[in-house]
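The structure appears right after this line, and notes come after that.
What follows is calculated from the coordinates using simple rules that are stated; it is not laboratory data. Owing to the predicted nature of the structure, the values given are computational and were not obtained by experimental measurement. Please note: Cβ atoms are built from the backbone with ideal geometry, for glycine as well, and neighbour counts cover all protein chains shown.
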């Protein structure tokens, strides 16, 4: 099976300041390479500042990499011009840690879901509303909240809404950037089950970004460990958990709450 997305030697540098305040260069990503097969999940794990979110922004075409390639179904989207990216961005959608910062507080739930369809001219207003209500049902949001604003929802409902908004344009890749870490344990479990159900029913491909190795092992078909902008370890969850090779992976394993019973997920195809 050909990968849906291939990242090759991705480099991202920012102009910044050195330790004594002089102009310098910040190396956020250094020759990052990985791929994800259709319908599978790669869990990208690392501590804060390791480059996880920079990777997500580059893949979502919100940051332009310094060098390297990002191949979506064989097409190098990192080399596209801004006008061409307009058609590509709907195919790769992001779900962030805190939906309150990514959802327009002035919009109702229905407006949040229909706005991407109307902006992309994918549906008329009545058709967009029908699609929105169907997707609300699929992610477990009751129809009666359609006229509420996001600030009136619970944390779990807001995250379900953020997932629905990401799915409304039928993306090929969903990037989940610490999308579970702000939720309490019971709600987190519900969202995990929702993500698994959506992946199985819709054939979604996930890049699951987290600092939680236990959750990465539960959701990921494969784990990649990012440390200071470099992929230092990669493999099946069992291999990474049981035989960590690099110091960064060993530290993550030591801090992972594996005693909670979270185990690598066995999916049924």
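Largest first, the extents of the alpha carbon coordinates of the range 61-185 on the three principal axes equal 46, 38, 24 Å.
The alpha carbon convex hull volume per residue for the range 101-165 rounds to 78 Å³.
Between the helical axis of 125-138 and the longest alpha-carbon principal axis of the chain there is an angle of about 60 degrees. Helix 109-119 sits at what angle to the longest principal axis of the chain, using alpha carbons and giving 0 to 90 degrees rounded to 10? Tilt relative to the chain: about 80 degrees. For the chain, modelled as a GNM with alpha-carbon contacts under 10 angstrom, which of 32, 95, 45 fluctuates the most? In this elastic network of the chain, the residue with the biggest mean-square fluctuation among 32, 95, 45 is 32.
Tell me what the chain gives for mean residue ellipticity at 222 nm when only DSSP H runs of n ≥ 4 count, each as -39,500 (n - 2.57), the sum divided by the residue total, rounded to 500 deg cm²/dmol.
Value at 222 nm, helices only: -10500 deg cm²/dmol.
Projected label points at residue 62 and residue 255, each 7 Å from Cα along the beta carbon direction, are separated by 2.3 nanometres. Computed from label points 7 Å out along Cα-Cβ, the spacing between residue 134 and residue 236 is 3.8 nm.
Let me know the shape class of the range 124-213, please: from the alpha-carbon gyration tensor, a ≥ b ≥ c as square roots of the eigenvalues, rounded when a/c is under 1.5, otherwise prolate if a/b is greater than b/c, or oblate. The shape class here is oblate.
By how many degrees, 0 to 90 and rounded to 10, does the Cα axis of helix 185-202 deviate from the longest principal axis of the chain? Helix 185-202 sits at roughly 80 degrees to that axis. Mind checking the log10 I(q)/I(0) for the chain at q = 0.08, 0.09, 0.15, 0.17 Å⁻¹? Debye, one equal scatterer per Cα, no solvent, two decimals. Debye intensities relative to I(0), on a log10 scale: -0.33, -0.42, -1.16, -1.41.
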